[in-house]
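Take a look at the structure below.
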Amino acid sequence: MSTTLTIARPDDWHLHLRDSAILQTVLPETARHFARAIVMPNLVPPVVTGAQAAAYRERIMAALPEGMTFQPLMTLYLTEDTDPEDLAAAHASGLITSVKLYPAGATTNSSSGVTNFDKVRPVLEKMAEIGCPLCVHGEVTDREIDIFDREAVFIDRVLDPIRKATPGLRVVMEHITTKNGADYVLANDKDLGATITVQHLILDRNDMLVGGMRPHYYCLPILKRREHREALLAAATSGDTRFFLGTDSAPHPTHAKEAECCAAGCFTAPNALSILAQTFEQAGALDKLEGFTSLHGPAFYGLPVNTDTITLTKGDTEVTYPNALQAGEHTVTVFDPGFPLYWSVG
Ligand code: DOR
Ligand code: ZN
């Protein structure tokens, strides 16, 4: 017995592709299933200017295997020195789709991020004027704030004041992890959207911490308690167009994950859609999958829905993915959802 579901080809509205050997390895994993992705700019050094975004775009296209198609939607990394005119020119030419705000120190390679939000006011005002969306890593970084509260505190202390001070600024709350995040989106208007990752829909902090620490489940924002996961699943399966898929697939070499100080990020690109199909089916919401993966994101960004389709098939036998992929001299471990998968793609 098999069940099939054909949907418009998905996009990934939050993706880390990295550079060099890792880029070469992970790009086909995304391009196989997704037509476009919002490409995160947190390289070392970060992508802060239009010229750097153009060069990174070229490296991505050069790494795309023959016969595959993929459109990287480039982003600029917002710093306190970002030039509003350079940003506006990069946006007007179609080179960049959005700008990423990392509070300084919030996550991997975020040391050039923003500490004093007043310093980026002119840039945010320019973005509101030209209609360039701001993608936000929504966590405060103050040491005295508990890591599990950082998203909720960010909404109150930083995000809401920025939005009130900048009417017309379109904001995507990236990878929301809390009921607070979902509720904040629901309480606002169409200028505010949110991406949700695969891991935050299926895992809570117990999955990461009970019975031993699982480094491959460590990502930022960190997994929260079960009630938050349930609120995210409700949001993703609700059909509300303000919620869409951003996998935040974030590859690190296996040795950096399985380390004394583990790097943050889950590499979900290979099996994201398989996991999502199963999760939506279990939630009785398979009919909402296409909206989440393929329709709501383009609507938020004002882009056309992909005209081609993918077919997801549920069979009786387990669908497996490699444990790890080779990337140059290292490997990158593929995310393991912790339950057998029965949905295959393509
Ligand atoms: O877990 C994460 N990994 N969260 C982020 O915000 C960044 C990402 C990365 O670049 O590794
Ligand atoms: Zn990310």
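Numbers for the structure displayed
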item	result
Net length gained if the chain between Q326 and T69 were fully extended (0.36 nm per residue, minus Cα distance)	90.3 nm
Interchain or long-range residues, amide H under 5 Å from H14's placed H	I38, T247, D248
Area accessible to solvent at D183, 1.4 Å probe radius, in Å²	70
Near-label residues of segment 135-176 by backbone N, under 20 Å of a point 7 Å along Cα→Cβ of A92	169-170
Surface/4 of the Cα convex hull for the chain, nm²	16.5
Per-residue [θ]222 nm for the chain (sum of -39500 (n - 2.57) over DSSP H runs n ≥ 4, rounded to 500)	-8500 deg cm²/dmol
Within a Gaussian network of the chain (alpha carbon springs, distance under 10 Å), most fluctuating of R205, R170, R143	R143
Total lysine pairs under 28 Å (Cα atoms) in segment 3-345, excluding pairs fewer than 8 apart on one chain	24
Contour minus Cα-Cα distance for V210 and T3 (0.36 nm per residue)	71.0 nm
Crossing angle, helix 50-63 versus the chain [Cα axis fit, 0-90 degrees, rounded to tens]	20
Beta bridges per DSSP with both ends in the chain, % antiparallel, nearest 5	40
Residue-count net charge about L169 - beta-carbon cut-off 13 Å; Lys, Arg +1, Asp, Glu -1	+1
FRET efficiency, 1/(1 + (r/R0)^6) with R0 35 Å, evaluated for L186 and I130 via beta carbons	0.80
Solvent exposure ordering (accessible area, 1.4 Å, most first) of K164, K288, K190, K179	K164, K190, K179, K288
Distance between segment 163-215 and segment 291-346 - C-alpha centres, whole angstrom	20
Amide H contacts of A327 (H built 1.01 Å from N, under 5 Å, at least 5 apart or other chain)	V332
Cubic angstrom per residue, convex hull over Cα atoms of segment 176-248	74
Pairs of alpha carbons in segment 159-289 whose separation is greater than 26 Å (percent)	25
Contour minus Cα-Cα distance for K164 and A234 (0.36 nm per residue)	22.5 nm
Heavy-atom accessible area order for H33, H91, largest first, 1.4 Å probe	H91, H33
Prolate/oblate/rounded label for segment 288-329 (Cα gyration tensor, a/c 1.5)	oblate
For segment 52-182: Kirkwood Rh in Å [reciprocal of mean 1/r, alpha carbons]	15.8
Residues in segment 214-239 reached by a label modelled at C262 [backbone nitrogen below 19 Å; 7 Å Cα→Cβ]	214-226, 229
Length-normalised contact order for the chain - Cα pairs under 8 Å, 6+ apart - percent	20
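The values are calculated or read from the model by the stated rules, or taken from the named source; none is laboratory data. All figures in this text were calculated on a predicted structure; none of them were measured in a lab. Positions of Cβ are generated from backbone atoms using ideal geometry, with glycine treated the same way; all protein chains shown enter the neighbour counts. Calculation scope for accessible area: heavy atoms of the full protein, side chains included, ligands and nucleic acids excluded. Shrake-Rupley method; radii C 1.70, N 1.55, O 1.52, S 1.80 Å.
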